[in-house]
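Undergrad: First the structure, then my questions, so here it is.
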Amino acid sequence: MPEKLLQQEIKFELNGKPYSVVTHPLTRLLDLLREDLGFTGTKEGCGEGECGACTIHFNGRPALACLIPAAQADGAKITTIEGIGDEDELTDVQEAFQRYGGAQCGICTPGMIMSATYYLENPDSAETMQEALAGNQCRCTGYKRIFDAMEKVLKND
Ligand code: FES
Ligand code: FES
């Protein structure tokens, strides 16, 4: 079947704005965001659902963009790291990660921030902050500084 016939129009809301793209329905949402739309804040680590680097909010909940086919995004509400604060106006979580050394190489950081933000806004979603971040791997920080940063936000320090 000619590839052209496999293209599909996908409409979704991204960081509060409407988008419409034509792509193969099995394009990974991660590639759609990074390569087609230029939202490179969402990172790729493993590419197979193990590391959490590609965590976004999908219909209000953390999800792994490397595992979501574009077709599934039709009608969805998506938020990436670009949608929750910027260089001039960091969120409390971003500021705490910066201040307490929760980010080193930075590859895991956007995904961590997306998971941490969801947990801080939905404290009943996990028993502990460690559980909330269990799907996000970090090779640099040893996690302590990440948990320290989250603790500061939780305590409003
Ligand atoms: S890149 Fe998606 S979970 Fe690792
Ligand atoms: S800061 Fe490098 S992987 Fe987490």
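Each row is one residue, and each column tells you yes or no for (1) under 28 Å from VAL22 (Cα atoms); (2) within 13 Å of the chain's Cα centre (by Cα).
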{"position": "HIS57", "(1), (2)": "yes, yes"}
{"position": "ARG61", "(1), (2)": "yes, yes"}
{"position": "LEU64", "(1), (2)": "yes, yes"}
{"position": "PRO69", "(1), (2)": "yes, no"}
{"position": "GLU82", "(1), (2)": "yes, yes"}
{"position": "VAL93", "(1), (2)": "no, no"}
{"position": "ILE113", "(1), (2)": "no, yes"}
{"position": "ARG139", "(1), (2)": "no, no"}
{"position": "ARG145", "(1), (2)": "no, no"}
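Undergrad: Within region 44-63, how many residues are without any contact (Cβ under 8 Å) to a residue 60 or more places away in the chain, assigned to a loop (DSSP other than H, G, I, E, B) and either more than 16 Å from ligand 2 (Cβ to nearest atom) or acidic (Asp, Glu) (or both)?
TA: Residues meeting the conditions: 5.
Residue-by-condition table, conditions (1) touching a His at 6+ places or on another chain (Cβ under 8 Å); (2) away from ligand 1 (no atom under 11 Å from the Cβ):
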position	(1), (2)
ARG28	no, no
GLY45	no, no
ALA53	no, no
LEU67	no, no
THR79	yes, yes
ASP88	no, yes
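Undergrad: Quick one: what pairs do we get from region 95-110, first residue under 14 Å from THR55 (Cα atoms), second small (Gly, Ala, Ser) and within 16 Å of ligand 1 (Cβ to nearest atom), C-beta under 6 Å, 6+ apart or different chains?
TA: The qualifying pairs are ILE107/ALA53; CYS108/ALA53; PRO110/GLY41.
Undergrad: Identify the residue in region 90-124 that is among the small types (Gly, Ala, Ser) and part of a loop (DSSP other than H, G, I, E, B) and, among all such residues, is farthest from ligand 1 (Cβ to nearest atom). Give the steps one after another, and end with the answer.
TA: So in region 90-124, the residues among the small types (Gly, Ala, Ser) come out as 96, 101-103, 106, 111, 115-116.
With the extra rule that they be part of a loop (DSSP other than H, G, I, E, B), the set shrinks to 101-103, 106.
Details: GLY101: 23, GLY102: 19, ALA103: 17, GLY106: 14 Å.
That would be GLY101.
Undergrad: Follow-up question, since we're still on this one. If I ask for residues that are closer than 14 Å to LEU33 by Cβ and either in a loop (DSSP other than H, G, I, E, B) or at pLDDT below 95 (or both), which ones from region 64-89 would you list?
TA: Within region 64-89, ILE68, ALA76, THR80 qualify.
Undergrad: Return the only residue of THR109, THR79, THR42 being within 23 Å of ARG145 (Cα to Cα) and outside the structural domain of GLN137 (by TED's automatic domain parsing).
TA: Every option except THR42 fails the conditions.
Undergrad: Return the residues of region 111-142 that are free of Cβ contacts under 8 Å to residues at least 60 places away in the same chain and within 9 Å of ligand 2 (Cβ to nearest atom); say none if nothing qualifies.
TA: Result: CYS138, ARG139, CYS140, THR141.
Undergrad: Follow-up question, since we're still on this one. Can you tell me which residue among LEU14, LEU32 is in contact with a helix residue (DSSP H, G or I) (Cβ under 7 Å, 6 or more places away or on another chain) and surrounded by 14 or more Cβ atoms within 10 Å (Cβ to Cβ)?
TA: LEU32
The values are calculated or read from the model by the stated rules, or taken from the named source; none is laboratory data. Since we're looking at a predicted model, the values are computed, not measured. Note that we place each Cβ from the backbone using ideal geometry, even for glycine, and neighbour counts take in every protein chain shown.
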